[in-house]
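This report refers to the structure that appears directly beneath it.
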Amino acid sequence: MNQLQMDQSYNRQRMLILTSSFPRWEGDFAGCFVEEFARSLLKEFEITVVCPAGFGSETEQRSGDIRTFRFNYFFPKRLQLLDAGADLQVVVRRSLVAKLQLIPFFFFFFIKTIKLARHTDLICSHWLIPSGLIGALVSKIYKIPHISIEHSGGAHLLRNSVGGRQILFLIAKFSTRIFTVSKQLQNILKTLCPSFRGFELLPMGIDYERYRTEKESFDKCYKKKLLFLGRLEFIKGVDILLEAVKDIEGIKLLIAGDGSQRSYLEQMCRNFGVEAEFFGYVDTKKKLELLKLSSIVVIPSRVLKNGRTEGFPVTCLEAFASGRPVIAASVGGLSELVEHEVSGFLFEPENVAELRSLIKKLLADESLRLRLGKVASQIAANYDWKLIADRFNKSISSNKG
């Protein structure tokens, strides 16, 4: 570290970020928006991250100015199931071993946080469970300000759990702010904890200039390329998309992501005769390439029986910035971001016929695609990380005042 960097670090506050999901290596998809959030704050904060160990990750890492400390919680380590790249609620629901790992997971997360928190000025937790609860407890012990950012899973878990309301009261008691990425999530938490006055809206952002394109471009072989970006899990609703396109001629699906449903979805494609290419997890470079090749981005998310759904999918913003029209299920933060027939199309969750109709309508009208894409790109500019970081810093500063 040179003298200028040392001087800058002395002028910055120290922030400890707690998260259950964080990139395990460069270009990793897991918790990538948490890392981007952290990077957007580096001018104001010296950042240290605490998160669980993941497959292929180092125990201690440094990526630029961000230090990451990962904790192990089960032995042998190869049997650790609560990986940073997994949907923890899904893993715990399906595996008895994962359920047994919850107690040591919380314990070692707490111990690692206790060790590092004594050298910090602010604790910022992503997701109320488990990070928010641990951040609140450590805040009480050290009298360090704590803020939490809820993305979706934690709010729905608290709403549907015995004692969830009491846990939220505890987190709120030792938090100066609880940010939510959508108004829907904020309303859920306000209903559970109406006395707390520190709820605030803070969506996640994107690097707008990286995704922005001047005009729509098409692959010469296929003008009907539909793109899905995300985890291949039930909540994401890719099976709904396959049902919708199986009778549309000339369609090719580009499916970027991986998850427990991949084999099932690949078999669906074969059964339906749908032409699809599965890319697995993709880095930003590949994601940009796929966005340029696609005509439409489809986000067919569903609402689970327990009410859980999307928080604020950054995928939608990435498509917006790229000038790609979006067709999205009217759920969670998607219904707040996409304005029907203005910046994209919304359809009722799991309504296959409506989704099929909207896909046909959009594919048949190039001028409509361009118009929607232009408006969407303008909207995405408002979610550049520089602006999101500024909102965050102003909120934190006003709280100090």
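Numbers for the structure displayed
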quantity: Failed criterion for Val90 (all others in (1) crowded, with 19+ Cβ neighbours inside 10 Å; (2) part of a helix (DSSP H, G or I) hold); calculated: (1)
quantity: Some residue of the stretch 164-171 being outside any loop (DSSP other than H, G, I, E, B) and small (Gly, Ala, Ser); calculated: yes
quantity: Checking Lys305 against (1) free of Cβ contacts under 8 Å to residues at least 40 places away in the same chain; (2) assigned to a strand (DSSP E or B), the condition it does not meet; calculated: (2)
quantity: Where a residue in the stretch 85-113 is in contact (Cβ under 8 Å) with a residue 60 or more places away in the chain and under 21 Å from Gly56 (Cα atoms) and its partner, wherever it lies, is among the aromatic types (Phe, Trp, Tyr) and not in a helix (DSSP H, G or I), with Cβ under 8 Å and at least six apart; calculated: Gly85/Phe29; Gly85/Phe55; Phe109/Phe71; Phe109/Tyr73; Lys112/Phe69; Lys112/Phe71
quantity: Candidate set: the stretch 189-212, residues that are among the charged types (D, E, K, R), closer than 24 Å to Ser335 by Cα and assigned to a loop (DSSP other than H, G, I, E, B); chosen: the one modelled with the lowest pLDDT; calculated: Arg212
quantity: Members of the stretch 303-324 that are out of contact with any Phe, Trp or Tyr (no Cβ under 7 Å at 6 or more places or on another chain) and either of a type in the set (D, E, K, R) or over 18 Å from Leu372 (Cα atoms) (or both); calculated: Val303, Leu304, Lys305, Asn306, Gly307, Arg308, Thr309, Glu310, Gly311, Phe312, Pro313, Arg324
quantity: Within the stretch 26-45, tally of residues that are free of Cβ contacts under 8 Å to residues at least 60 places away in the same chain and touching a strand residue (DSSP E or B) at 6+ places or on another chain (Cβ under 9 Å); calculated: 4
quantity: Single unsatisfied condition, Gln186 versus (1) part of a helix (DSSP H, G or I); (2) within 17 Å of Pro130 (Cβ to Cβ); (3) touching a residue at least 12 places away in the same chain (Cβ under 8 Å); calculated: (2)
quantity: Residue match in the stretch 213-233 (condition: modelled with pLDDT under 95 and either assigned to a helix (DSSP H, G or I) or in the same structural domain as Ser20 (by TED's automatic domain parsing) (or both)); calculated: no
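The values are calculated or read from the model by the stated rules, or taken from the named source; none is laboratory data. Just so you know, these numbers come straight off a predicted model, no measurement behind them. Glycine also receives a Cβ, built like all others from the backbone with ideal geometry; neighbour counts cover every protein chain displayed.
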